[in-house]
1. Karplus couplings for the range 49-65 from phi (6.51 cos²θ - 1.76 cosθ + 1.60, θ = phi - 60°), rounded to Hz, Gly and Pro as x?
2. Where the centroid of each part is defined by its Cα atoms, how far is the range 101-137 from the range 20-53 in Å?
3. Determine by what factor the alpha-carbon radius of gyration of the chain differs from 2.2 N^0.38 Å, reporting the quotient.
4. Once ligands and nucleic acids are excluded and a 1.4 Å probe is used, how much of VAL42 is accessible, expressed in Å² to the nearest 10?
5. In whole Hz and in residue order, list the ³J(HN,Hα) couplings for the range 27-39 that follow from phi through the Karplus curve 6.51 cos²θ - 1.76 cosθ + 1.60, θ = phi - 60°; x for Gly and Pro.
6. Quick one: Karplus J couplings for the range 125-133, per residue in order, coefficients 6.51, -1.76, 1.60, θ = phi - 60°, nearest Hz, x for Gly and Pro?
7. What residues qualify as long-range amide H neighbours of ILE74, i.e. H under 5 Å apart, gap of 5 or more or another chain, H built at 1.01 Å from N?
8. Where Rh is the Kirkwood radius over the Cα pairs of the range 39-113, the temperature 37 °C and the viscosity 0.692 mPa s, what D in µm²/s does Stokes-Einstein return?
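The values are calculated or read from the model by the stated rules, or taken from the named source; none is laboratory data. Quantities reported herein were computed from a predicted structural model and do not represent experimental measurements. Note that we place each Cβ from the backbone using ideal geometry, even for glycine, and neighbour counts take in every protein chain shown. What goes into the accessible areas is simple: the full protein's heavy atoms, side chains included, and nothing from ligands, DNA or RNA. Shrake-Rupley method; radii C 1.70, N 1.55, O 1.52, S 1.80 Å.
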Amino acid sequence: MAVQAPSGPRAGFGTRLVAALIDGVILGVAQFVVVLITNANVGQAVGLALSLGYFTYFEGGAKGQTLGKQVMSIRVIDFNGGGSIGYGRAFIRWIGRIVSSLPLLLGYFWMLWDKERQTWHDKFANAVVVPVSDYPI
């Protein structure tokens, strides 16, 4: 069964993957520095807090972009209105990332066959990830 076209332009899987890898490297380096200064337990706790703050702040802001998304020229927007999802929904989206990763990353791959190209965490926050060229800031 073929996947229907989404209701508007959406960021592709590869673009989103590269953005996620860039964000992962940024957060990973920060966590590594904390581990070197303190220990692994503190590093994990600080890394979790940094991830929460990073994604909530950047994706919940007016641009809807982490640094990785900026590099890849994509952004998170409200599915219905096209504007910012705000900090509350960005936090919910971050929680959804954990859920998306639990069953062998199925929630991330979900976008490959979802009509609106949404991951589970996109659905949790009623958001979509789109190209900036089609949805300017």
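1. Rounded to whole hertz, the list is 5, 5, 4, 4, x, 4, 5, 5, 5, 6, 6, x, x, 4, 6, x, 10.
2. Result: 24 Å between the Cα centres.
3. That works out to 1.06 for the chain.
4. Only protein atoms counted, so the area is about 60 Å².
5. Taking θ as phi minus 60°, the curve returns 5, x, 5, 4, 5, 4, 4, 5, 4, 5, 6, 10, 8 Hz for the range 27-39.
6. Each residue's phi maps through the Karplus curve to give 9, 6, 10, 9, 10, 10, x, 4, 4 Hz.
7. Hits under the 5 Å cutoff: VAL132.
8. On the way: Rh = 13.4 Å.
For these conditions, the coefficient is 245 µm²/s.
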